[in-house]
Amino acid sequence: MEPLNRICLVHYHEIGLKGRNRASFETRLVRNIKAMTAPFHVGEVKRISGRLLVVFKPEASLEEGIALEEALSQVPGVARVSCGYRCERELDQMNRLAVQALDDFGAFESFKVNARRSHTDFAIDSMQINQLVGAHLHEAFPDKAIRMKDPDATVHVEVVQGSAYVYARTIRGIGGLPVGSGGLVVSLLSSGIDSPVATWRMARRGAVCIGVHFSGRPQSDASSEYLVDDIAQVLSRTGCIARVYTAPIGDYQRQIAASAPPALRVILYRRLMLRVAQEIARREGAKALVTGESLGQVASQTLDNIASTDQAVDMPVLRPLIGTDKIDIIADAQRVGTFEISSQDAQDCCTLFMPRNPETHAKIAAVLKAEEGLPVDEWVGVIADDATVRDYPCPAYKHRRPSQTQE
Ligand code: ATP
Ligand code: MG
């Protein structure tokens with residue numbers, strides 16, 4: 001028997017709605033998917049009739065097909081992924097692959113065939129394909145029922161552009177928009193549960209994300225930096241992060257702690273973090289900052305505190321989790337694959353020089369007064385210059401050397 005031509009079809013919806021942008025979105029999705037299929041035995045990735053076609057090399061196994069199907073479903077912009085086969089427009093071949101596709105599907109009791117013919121130059125119409133392939137499958141699986149309404153398995157047979165595609169496996173993707181279609185953001189990335197999810201949500205809306213992590217070094221160890229690297233590696237598997245800046249701010253926190261009222265320390269740390277993030281964003285050409293805050297989640301995440309941290313910067317600060325319950329954030333973190341890493345203990349700059357009673361309703365006037373004597377503007381440039389940079393594969397981002405001086 002000739003080798004099977006294994007394929008995945010990648011479906012996307014939202015892109016279809018975008019009118020004139022459609023072509024550039026599709027091009028981005030193709031590029032992102034090509035990058036992520038690199039470790040697999042994949043020959044080509046191209047557009048066909050409102051879908052993307054991923055063609056495997058002959059040596060790819062079903063297991064590899066399933067692994068790629070799972071990986072593709074996690075790529076922003078992907079609504080559904082179907083794993084199956086391509087063949088000639090010959091009924092015999094369609095029949096044989098329909099049996100194979102149902103075998104691949106796993107357990108089922110009922111099935112139907114759903115044929116689609118996008119070119120009428122193929123002599124047999126969809127209804128006839130349904131009947132003929134259905135009859136063949138009925139012979140191959142005599143104890144399974146053909147059911148038109150809500151069958152366990154649907155065998156799709158699509159005749160498109162000179163080939164036929166046959167598949168029964170379909171899994172849901174994460175949806176959203178391809179990374180690169182939404183501009184560039186700088187995301188404040190701790191090793192906690194929330195900020196990786198906030199970053200991922202922005203990537204799912206098409207933003208290219210650059211992380212900035214503040215560690216407590218040299219006042220603490222570097223454990224949070226390692227965790228953030230692990231988190232970034234997970235996010236980068238689906239192209240959701242391009243680069244991470246790591247900025248040790250322990251010494252600056254110490255100076256803040258030495259001069260500011262204890263209750264305001266945390267606010268001042270946060271303002272410093274936002275300012276450094278904004279400086280890095282300017283150097284990168286990013287247009288917004290992102291944090292993982294969720295209203296009221298911890299005592300410090302109040303509207304007053306949000307107002308008094310945002311006041312430190314001009315750039316918009318996006319908070320994709322602001323209205324999300326912790327339980328849903330955790331579910332997302334598990335789905336993305338960062339939860340376990342984030343659950344590990346690390347020495348983070350947040351726990352450094354923590355006051356006993358942090359302010360929960362900071363007043364801007366008091367904050368400004370506390371900051372008055374500190375050379376914050378000077379610090380910001382130095383901290384940004386001293387930050388180390390690590391790059392992750394992200395086809396939507398052009399990795400250049402980070403600039404040291406402000407333009
Ligand atoms: P997370 O789970 O993301 O750590 P959190 O529940 O611990 O959040 P906070 O400590 O109040 O909440 O932090 C709020 C947000 O501030 C974080 O989501 C993150 O965006 C940013 N942030 C906090 N600490 C750091 C850090 N060390 N480096 C970079 N960003 C940070
Ligand atoms: Mg945290």
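The values are calculated or read from the model by the stated rules, or taken from the named source; none is laboratory data. On a predicted model such as this, the values are computed, not experimentally measured, just so you know. Cβ placement follows ideal geometry from the backbone for every residue including glycine, while neighbour counts extend to all protein chains displayed. Ligands, DNA and RNA are excluded from the accessible area calculation, which covers all protein heavy atoms including side chains. Shrake-Rupley method; radii C 1.70, N 1.55, O 1.52, S 1.80 Å.
Observations
- The set of residues from region 345-367 being open to solvent by less than 70 Å² (accessible area, probe 1.4 Å) and away from ligand 2 (no atom under 16 Å from the Cβ) comprises PRO355, GLU359, THR360, ALA362, ILE364, ALA366, VAL367.
- Evaluation of ASP104 against (1) surrounded by fewer than 20 Cβ atoms within 10 Å (Cβ to Cβ); (2) over 26 Å from THR37 (Cα atoms); (3) charged (D, E, K, R) (one fails), failing number: (2)
- Qualifying residue in region 228-249 (condition: free of Cβ contacts under 8 Å to residues at least 40 places away in the same chain and in a loop (DSSP other than H, G, I, E, B)): no
Per-residue answers, yes or no, for (1) more than 27 Å from the chain's Cα centre (by Cα); (2) of a type in the set (Phe, Trp, Tyr); (3) buried (at least 17 other Cβ atoms within 10 Å of the Cβ):
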position	(1), (2), (3)
VAL42	no, no, yes
LEU52	no, no, yes
ALA60	no, no, yes
GLU69	no, no, yes
ALA79	no, no, yes
CYS87	yes, no, yes
GLU90	yes, no, no
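- Residue count, region 312-370 (criterion: among the basic types (Lys, Arg), within 25 Å of GLY239 (Cα to Cα) and more than 10 Å from ligand 1 (Cβ to nearest atom)): 1
- Pick from region 311-331, criterion over 20 Å from VAL186 (Cβ atoms) and small (Gly, Ala, Ser), ranking: most open to solvent (accessible area, probe 1.4 Å): GLY323
- Test: residue in region 211-227 that is surrounded by fewer than 24 Cβ atoms within 10 Å (Cβ to Cβ), away from ligand 1 (no atom under 14 Å from the Cβ) and assigned to a loop (DSSP other than H, G, I, E, B): yes
- Filtered residue count, region 258-310, keeping only those that are open to solvent by 50 Å² or more (accessible area, probe 1.4 Å) and within 16 Å of ligand 2 (Cβ to nearest atom): 6
- Out of PRO375, PRO355, sole residue that is under 16 Å from TYR269 (Cβ atoms) and free of Cβ contacts under 8 Å to residues at least 60 places away in the same chain: PRO375
- Criterion (more than 30 Å from LEU132 (Cβ to Cβ), outside any helix (DSSP H, G or I) and of a type in the set (A, V, I, L, M, F, W, C)) met by exactly one of PHE40, PHE25: PHE40
- Test for LEU268: is it aliphatic (A, V, I, L, M), modelled with pLDDT of 95 or more and within 11 Å of ligand 1 (Cβ to nearest atom): no
- For first residues located in region 298-321 and part of a helix (DSSP H, G or I), partners that are surrounded by fewer than 20 Cβ atoms within 10 Å (Cβ to Cβ) and lie 6+ apart or on another chain with Cβ distances below 6 Å form the pairs ASP304/HIS361; SER308/ILE364; ASP310/VAL317.
Matching residues to (1) closer than 25 Å to SER294 by Cβ; (2) at pLDDT below 95:
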| position | (1), (2) |
| --- | --- |
| ARG204 | yes, no |
| PRO218 | no, yes |
| GLU225 | yes, no |
| LEU235 | yes, no |
| VAL244 | yes, no |
| PRO248 | no, no |
| ASP251 | no, no |
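- Screening region 107-126 for residues that are out of contact with any helix residue (DSSP H, G or I) (no Cβ under 9 Å at 6 or more places or on another chain) and either modelled with pLDDT of 95 or more or not assigned by TED's automatic domain parsing to the domain that holds GLU139 (or both) and picking the one that is least open to solvent (accessible area, probe 1.4 Å) gives SER110.
- Residue among VAL186, VAL197, VAL179, VAL159 that alone is more than 15 Å from ligand 1 (Cβ to nearest atom), buried (at least 24 other Cβ atoms within 10 Å of the Cβ) and at negative phi: VAL179
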